[in-house]
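Everything below concerns the one structure shown next.
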Amino acid sequence: MVYLIITVAKILLIVFPIMACVAYLTLAERKIIGYMQVRIGPNRVNLSLLPGIRNLRGFGQPIADSIKLMFKEIIIPTNANKFLFVSAPILALAPALAAWAVIPFADGWVLADINAGLLYILAMTSLGVYGIMISGWASNSKYAFLGSMRSAAQIISYEIAMGFALVGVLMAAGSLNLTDIVMAQKGNFLHWFWLPLFPLFIVYFISGLAETNRAPFDVAEGESEIVAGFHVEYSGMLFAVFFLAEYANMILIASLITIMFLGGWLSPFAGIPVLEYLYLPGIFWFGAKVAFVLFFFLWIRATFPRYRYDQIMRLGWKVFIPITLVWIVVLGLLILLKLPPWFA
Amino acid sequence: MNSVKNLFKSLFLLELIQGLRVTGRYLFARKITVQYPDEKTPQSFRFRGRHAQRRYPNGEERCIACKLCEATCPALAITIDVEQRADGSRRTSRYDIDLTKCIFCGYCEESCPVDAIVETRVFEYCGEENGDLLMTKQDLLAAGDKLEQQLNADRLLDSPYR
């Protein structure tokens with residue numbers, strides 16, 4: 001009983017901060033993309049908790065947005081399959097949140113320290129595609145159906161490259177447990193896996209973009225081509241749940257990149273004179289690295305136009321899979337040679 | 001050789017990095033947004049907003065019901081009825097501008113021989129009910145009375161170019 005209560009408390013401690021992060025990630029996205037387009041982004045909804053600070057303008061925007069979405073009408077199309085239509089957003093959000101169970105936020109700060117953590121992550125991130133596919137099918141709309149088919153093909157293609165990139169991490173760390181993977185990168189930022197696994201790092205990052213249907217791989221939504229893709233028929237809170245799932249997935253991919261390639265909660269300055277005495281808790285480094293990766297997600301969205309569909313397929317099958325395969329062989333050699341400082 | 005160069009370029013994402021550099025630079029550039037209700041862009045004295053009818057300084061309305069504006073209006077937004085007033089002068093008994101039809105081209109103003117119908121600088125207006133955007137003669141004259149100073153100043157500024 002006590003165990004149950006503690007676990008539930010832990011789950012809430014993970015889920016609520018993630019929800020808050022999602023809310024403010026949307027604000028960050030609008031602000032950063034706005035700045036890159038020489039605009040200023042949302043600045044009208046003021047949080048008047050600190051009336052003196054004018055720079056906080058716009059900080060109430062996510063709250064205003066979520067209240068607006070909650071009070072909007074949920075429209076279910078006449079010919080839609082009602083049960084699937086309503087369950088699709090839940091199917092999209094549930095795996096995006098469930099995957100957080102194995103993420104170590106700092107040393108020992110993990111809900112379920114299971115040995116097959118990486119496999120669990122792979123399973124959960126793959127499940128997200130069902131929400132999108134079912135939403136497209138249940139809406140009984142051409143655009144939604146096209147969007148969901150595109151997204152299904154895309155996610156399945158990039159899953160392979162992503163999986164191979166994870167094989168590289170697995171070889172380098174010698175473990176599927178995410179905590180062990182972070183511990184295998186002990187040392188300063190030169191000891192992290194992003195250096196020996198650099199091509200896999202890039203491939204994983206780009207596949208992560210494709211996996212979360214982010215620009216420039218957002219053909220599943222493709223506003224200019226298929227209206228809004230899989231979620232055309234969704235409104236109000238059901239749409240908000242899709243939105244939550246997309247952003248929760250983004251944060252999840254960013255934290256996976258942090259854990260597998262950027263040393264998780266480890267300080268980048270360990271073993272560097274003077275700087276190593278800069279003590280900050282692990283969760284801070286973890287958050288900073290996740291924010292750094294997320295900034296790249298937004299930066300890329302502000303920069304690149306959408307890929308054409310055949311180009312996406314070409315990139316996934318004919319570029320990423322060969323690169324990862326070659327680098328896995330190279331990595332095997334590096335490990336055999338016990339290349340310092342990573343594999344010594 | 002060229003294809004090798006292209007392969008190198010795409011494999012190392014060189015062109016993508018160039019693109020990222022451009023947006024990265026603009027992240028710190030000065031923002032050009034005009035925050036509309038608080039800040040406004042300057043208006044020309046030729047600005048063509050909502051219409052008004054002007055009067056002579058003695059209070060007599062300018063319009064002589066020549067119907068040139070009605071004839072020239074490309075959107076057929078103006079409707080005029082004519083009557084003879086008790087003192088024998090020709091005046092409008094009805095002068096309606098349907099703002100939902102109007103395209104704000106300014107031809108009515110150009111065609112007017114007595115500078116009666118003019119377009120003002122007012123562009124922030126709305127109609128909440130059906131018919132709110134139909135300006136009658138009274139509305140037009142009232143708007144003209146209210147804005148006469150501005151209208152006069154704008155015509156003076158424009159006169160050197162005519």
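Assorted remarks:
- If the convex hull is drawn through the Cα atoms of the stretch A:189-250, its volume per residue in Å³: 85 Å³
- Accessible surface, 1.4 Å probe, highest first, among residues B:Asp154, A:Asp107: A:Asp107, B:Asp154
- Over chain A: helical MRE at 222 nm, DSSP H runs n ≥ 4 each giving -39500 (n - 2.57), nearest 500: -20500 deg cm²/dmol
- When the inverse distances between all different Cα atoms of the stretch B:116-159 are averaged and flipped, the Kirkwood radius reads 11.8 angstrom.
- Pairs from the table (B:Lys31/B:Lys101; B:Lys9/B:Lys31; A:Lys31/A:Lys186; A:Lys72/A:Lys142; A:Lys31/A:Lys318; B:Lys40/B:Lys146) lying more than 27 angstrom apart at Cα are B:Lys31/B:Lys101; B:Lys9/B:Lys31; A:Lys31/A:Lys186; A:Lys31/A:Lys318.
- Taking all pairs of distinct alpha-carbon atoms in the stretch A:156-219, Kirkwood radius in angstrom: 12.5 Å
- Percent carbon-and-sulfur accessible area, the protein assembly as shown, ignoring ligands, DNA and RNA, probe 1.4 Å: 65 percent
- Within the stretch B:96-114: backbone nitrogen closer than 18 Å to the B:Arg90 label point (7 Å, Cα to C-beta): B:96, B:111-114
- Applying a 4.7 Å cutoff between beta carbons, the unpaired cysteines of chain B are B:Cys63, B:Cys66, B:Cys73, B:Cys102, B:Cys105, B:Cys112, B:Cys126.
- The reciprocal of the average 1/r between distinct C-alpha atoms defines the Kirkwood hydrodynamic radius, which for the stretch B:1-42 equals 13.4 Å.
- Cβ-based net charge around B:Glu39, under 15 Å, with every Lys or Arg adding one and every Asp or Glu removing one: +4
- Cα-Cα P(r), the stretch A:268-319, percent of pairs per 10 Å interval: 19, 26, 24, 18, 12, 0
- Counting only other chain Cβ atoms within 10 Å of each residue's Cβ, the peptide A:303-316 averages 1.
- Legend: Rg and Dmax of the stretch A:188-344, from Cα coordinates, 18.7, 58 Å.
- Peptides ranked, highest mean first, by Cβ atoms within 10 Å: ranges A:162-172, A:71-81: A:162-172, A:71-81
- For B:Ser89, the accessible surface of its heavy atoms amounts to roughly 30 Å² (probe 1.4 Å, protein chains only, rounded to the nearest 10).
- Projected label points at B:Leu157 and A:Gln311, each 7 Å from Cα along the beta carbon direction, are separated by 4.7 nanometres.
- Look at the stretch B:22-31: the mean tally of other chain Cβ atoms within 10 Å of its residues' Cβ atoms is 5.
- Net length gained if the chain between A:Lys68 and A:Tyr130 were fully extended (0.36 nm per residue, minus Cα distance): 19.6 nm
- For the stretch A:303-344, the square roots of the Cα gyration tensor eigenvalues, ordered a ≥ b ≥ c, give a/c of at least 1.5 with a/b no greater than b/c, which places it in the oblate category.
- Counting heavy atoms of the protein chains alone, A:Lys82 has an accessible area of about 110 Å² for a 1.4 Å probe.
- Gyration tensor (Cα) of the stretch B:35-89, equivalent ellipsoid semi-axes in angstrom: 32, 17, 9
- Convex hull of Cα atoms in the stretch A:55-158, direction-averaged projection (nm²): 10.1 nm²
- Note on B:32-39: average number of Cβ atoms from other chains within 10 Å of each residue's Cβ is 2.
- In terms of its alpha-carbon gyration tensor, the stretch A:252-344 comes out oblate; a/c meets the 1.5 threshold, while b/c is at least as large as a/b.
- Sequence of A:Asp218, B:Asp139 from largest to smallest accessible area, 1.4 Å probe: B:Asp139, A:Asp218
- For the Cα trace of the stretch A:122-246, dividing Rg by the Kirkwood Rh returns an Rg/Rh value of 1.09.
- Between helix A:117-138 and chain A there is an angle of about 20 degrees, using the helix long axis and the longest principal axis of the Cα atoms.
- The stretch B:51-161 - Rg and Dmax from Cα coordinates, angstrom: 13.7, 41
- Using alpha-carbon coordinates, inclination of helix A:282-303 to the longest axis of chain A, degrees: 60 degrees
- For q = 0.08, 0.10 Å⁻¹, Debye-computed log10 I/I(0) when each Cα of chain A counts as one equal scatterer: -0.41, -0.65
The values are calculated or read from the model by the stated rules, or taken from the named source; none is laboratory data. Since we're looking at a predicted model, the values are computed, not measured. FYI the Cβ positions are ideal-geometry reconstructions off the backbone, even for glycines, and counts take in every protein chain you see. Just the protein is used for accessible areas: all its heavy atoms, side chains included, with ligands, DNA and RNA removed. Shrake-Rupley method; radii C 1.70, N 1.55, O 1.52, S 1.80 Å.
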